[in-house]
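Read the structure below first, then the notes.
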Amino acid sequence: MLIYSPGKIEPYLDNAGKPITESNSEKTFVNNGCIKQEMFKKSKNINNPVLLYVHGSPAFPNYFLIDKFKHGFAEYFTVCYWDQRGCGLSYTPEVTVESMNFSQFSLDAIEFTNYLRKRFGKERI
C-alpha cells in the first residue's frame, strides 16, 4: 500500500498569531536532474544564510523528525530540506535504480544549490 502525504508547512507566527513578514515556510517542487524533486524551506528570516539539509540516505527522508526534535536552525538559517531523488515526496517510478548513484546525487545537489542561490539571492549556500 502506498501512502501519500502532501505535508503541511506551518508558518512562523508573531506574538499576535500573525505570520512573521520576513519568515518563509513553503514546500516547493523543482525540476532537478530531469525529474521533479521536493524541498521544504523554513526560516524565521529569509535574510539569514541558506542551509541545504541533505538527509543521510536516499531511502530515508527525515523532515518529519524536525518538529519532534527541534534543532532551532531556522532561527539562524533559511533551512532547505531536500528529499533526494527516489525518496519521500521526490519518489516517482521514473527514477531508475541506475540513476541512484553518488555521481547523480552530487549533480542533483549542485543543481539545488544553484536554484537556492538564485531563489534567495545568495552567493554561498
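Taking other Cβ within 10 Å of each residue's Cβ, how do Arg117, Arg124 sort, fewest first?
Working: Arg117 14, Arg124 7.
Final ranking by Cβ density, sparse to dense: Arg124, Arg117.
Which FRET efficiency, nearest 0.05, do Thr92 and Leu13 yield, Cβ-Cβ r, R0 35 Å?
Details: r = 34 Å, r/R0 = 0.96.
After rounding to 0.05, the efficiency reads 0.55.
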Extension gain (nm, one decimal) between Lys122 and His71, 0.36 nm per residue minus Cα-Cα: 16.0 nm
Exposure proxy order (Cβ contacts within 10 Å, fewest to most) of Lys41, Lys18, Lys36: Lys18, Lys36, Lys41
Local electrostatic count, Ile46, Cβ distance below 12 Å [Lys/Arg +1, Asp/Glu -1]: +3
Vicinal HN-Hα couplings computed from phi for segment 36-43 (Karplus, 6.51 cos²θ - 1.76 cosθ + 1.60; Hz; Gly/Pro x): 7, 10, 9, 8, 9, 10, 9, 6
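What ranking do Thr28, Thr78, Thr21 get, fewest neighbouring Cβ atoms within 10 angstrom at the top?
On the way: Thr28 14, Thr78 25, Thr21 9.
The order, fewest Cβ neighbours first, is Thr21, Thr28, Thr78.
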Phe102 versus Asn47: modelled label distance in nm, points set 7 Å from Cα along the beta carbon direction: 4.1 nm
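No lab work stands behind these numbers, since they all come straight from the coordinates. Remember, predicted model here, so these are calculated numbers, not experimental data. So basically every Cβ, Gly included, is an ideal-geometry build from the backbone, and we count neighbours across all protein chains shown.
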